[in-house]
Amino acid sequence: MAGGHRRLSLPHALAVVTGALLGVGALYIPERVETLAGPMTPVGFLVATAGALALTVGYATFLSGPLGDRSAGAYLHLSRTWRSRAVGFFTVWPKPAVYAALLALLAQYLARLLALPVAQDTVALVVLGGLLALHLAGPAVVGRLGLLLSGGFTLFVLVLAAAALSVVVPSNFVPLLPTPVLRDQPVLSLGRGALVALFGFVGFEACVGLAGEVESPRETLPRALLGGVTGVGLLVTLMAFVTLGVIPWARMIFATVPFVDAAASGLDVAATALVTPGLVLATLAALVALSWAPTRTLAGLGEVVPPLAHTNRFGAPDVASLVVFGLAGTLVFVDAVFVGLFFVVPGLLVLYVAHGLTTAALPVVNPDLYRACAFRLSPRLLAVCGLSGAGLTALLLWQALTLDPVVVLGYTRVGPTLTGPVADPLVRRPLESAVPALVGWETLGVLVYVAARDYRAEVGVELEPLTRF
């Protein structure tokens, strides 16, 4: 895309990062973490932020070089580093389906929150159709709406945090290790809490899809990723601190929406007056922010499957957008959203592990690409970041492949959407859910890859050499 058509800027990219990472679950912080880390929970969120930054460094490195001008993101990072389109394609292939399932889930959740006198699935389909129309209208429309929603929700959270901070009771953190388990195993307890908190950073890379839309993407996107992840990390740490500072740790189990309950005390209002507006705003912000990732990832795979790269007169990837929202709408229509949710977390974590390992190997495997990146840590430090990020996400992946999908998704920012009948189909062992779903989707990818190869040969499409950036 020509530089003159780039209409988005750093604030728009930051809005995607914050919208994707805060999402619905932000208002429930520090739920699920405090039971493991106790009053040390805020430290656990800080540790999780450091782990997320280790992965973010790899994306920032690739985006600061020649690959940062194009929206294909991780597909380009892997395929150009290892000089294999197959490696890039099959590693990234689950990502569009993962995010399509998340969009379907959030659309259904928004329908439940609105409680309109219309069938909820109908409302969800209208929401998805409206979001598709916005994407077809052009990147600038989606970018501005995302900035408004994510900015509004961030401001909402900051106001609540300030209110809660005014009524924090420091003695709530004394003693810091109130139970025998915490006293005997403080480091292990903190580590377990941090690992659960790290699930909240799944989706951090959503803004990579703006590479073709933002001004000066090689500078803008690394800043948005590093600054956004750091900012959100500090914000959720603050949220955990004020929540535990207002609600004693031993009583957290009785808090319905912990952070909002704490803020309501500072504002002297009923928590119920804040919950629904906050959740609606958070869900809308997450829907818009998360929609960039699947549409642009699928369009990026247009190098292998040429029709996916088509754009309309507004610069929007229309074919890719139709496929993504068509898949999300189909999951809602046939009541099969849970099938896509089976491999949401494993699908992304496999990508994160592969990207971390690729980051570590970059200076050795493709030194020319490494030297072309403006944000360039030393090979040793880059390897530490890449291997640390890959190792941490491998631990998360292990949990995702050993626990029921409903438990794993419950650790993420979309956890609060999994209530009642929505969660029931997800209570299955991974060997009966996540694993076959992931294998099945990759099998479909093989068919698409082979068919695309034949199509390119038939119409005479020549692929650029993998040595070019």
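Here are the numbers:
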item: Filter result (among the small types (Gly, Ala, Ser) and in contact with a Phe, Trp or Tyr (Cβ under 9 Å, 6 or more places away or on another chain)) within segment 78-100; result: Ser79, Ala86, Gly88, Ala97, Ala100
item: Residue within segment 118-139 that is in contact with a strand residue (DSSP E or B) (Cβ under 9 Å, 6 or more places away or on another chain), open to solvent by less than 60 Å² (accessible area, probe 1.4 Å), on the phi < 0 side of the Ramachandran plot and part of a helix (DSSP H, G or I) present; result: yes
item: Answer residue from segment 403-432, given it is within 21 Å of the chain's Cα centre (by Cα) and outside any helix (DSSP H, G or I) and is surrounded by the fewest Cβ atoms within 10 Å (Cβ to Cβ) among those; result: Thr419
item: Residues of segment 26-49 classified as closer than 17 Å to Val414 by Cβ and open to solvent by 10 Å² or more (accessible area, probe 1.4 Å), total; result: 3
item: Inter-residue pairs, beta-carbon under 7 Å, first in a helix (DSSP H, G or I) and in segment 250-267, second open to solvent by 10 Å² or more (accessible area, probe 1.4 Å) and of a type in the set (Val, Ile, Thr), 6+ apart; result: Pro258/Ile247; Val260/Val275; Asp261/Ile247; Ala262/Val246; Ala262/Ile247; Ser265/Val167; Ser265/Val246; Gly266/Val167
item: Helices (runs of 4 or more DSSP H) enclosed by segment 295-372 - at least 2 residues per element that are hydroxyl-bearing (Ser, Thr, Tyr) and either open to solvent by less than 10 Å² (accessible area, probe 1.4 Å) or more than 21 Å from Pro465 (Cα to Cα) (or both); result: 318-333, 344-365
item: Selection status of Leu102, modelled with pLDDT of 95 or more, within 30 Å of Glu442 (Cβ to Cβ), assigned to a helix (DSSP H, G or I) and open to solvent by 20 Å² or more (accessible area, probe 1.4 Å); result: no
item: Single match in Val427, Val407 (criterion: β-branched (Val, Ile, Thr) and free of Cβ contacts under 8 Å to residues at least 12 places away in the same chain); result: Val407
item: Members of segment 163-188 that are open to solvent by 50 Å² or more (accessible area, probe 1.4 Å), touching a residue at least 12 places away in the same chain (Cβ under 8 Å) and part of a helix (DSSP H, G or I); result: Leu165, Pro170
item: Exclusive hit being modelled with pLDDT of 95 or more and either in contact with a strand residue (DSSP E or B) (Cβ under 9 Å, 6 or more places away or on another chain) or under 18 Å from Ala206 (Cβ atoms) (or both), set Ala50, Ala72, Ala60; result: Ala60
item: Boolean, Phe259 is open to solvent by 10 Å² or more (accessible area, probe 1.4 Å), out of contact with any strand residue (DSSP E or B) (no Cβ under 6 Å at 6 or more places or on another chain) and aromatic (Phe, Trp, Tyr); result: no
item: Selection count where residues are surrounded by fewer than 22 Cβ atoms within 10 Å (Cβ to Cβ) and in a helix (DSSP H, G or I), scope segment 50-88; result: 9
item: Pairs, first assigned to a helix (DSSP H, G or I) in segment 269-281, second of a type in the set (Phe, Trp, Tyr), C-beta under 7 Å, six or more apart; result: Gly278/Phe156; Leu281/Phe153; Leu281/Phe156
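The values are calculated or read from the model by the stated rules, or taken from the named source; none is laboratory data. Remember, predicted model here, so these are calculated numbers, not experimental data. With ideal geometry, Cβ positions are generated from the backbone for all residues, glycine too; neighbour counts draw on all protein chains shown. To get the accessible areas, we keep the full protein, side chains included, count just its heavy atoms, and leave off ligands, DNA and RNA. Shrake-Rupley method; radii C 1.70, N 1.55, O 1.52, S 1.80 Å.
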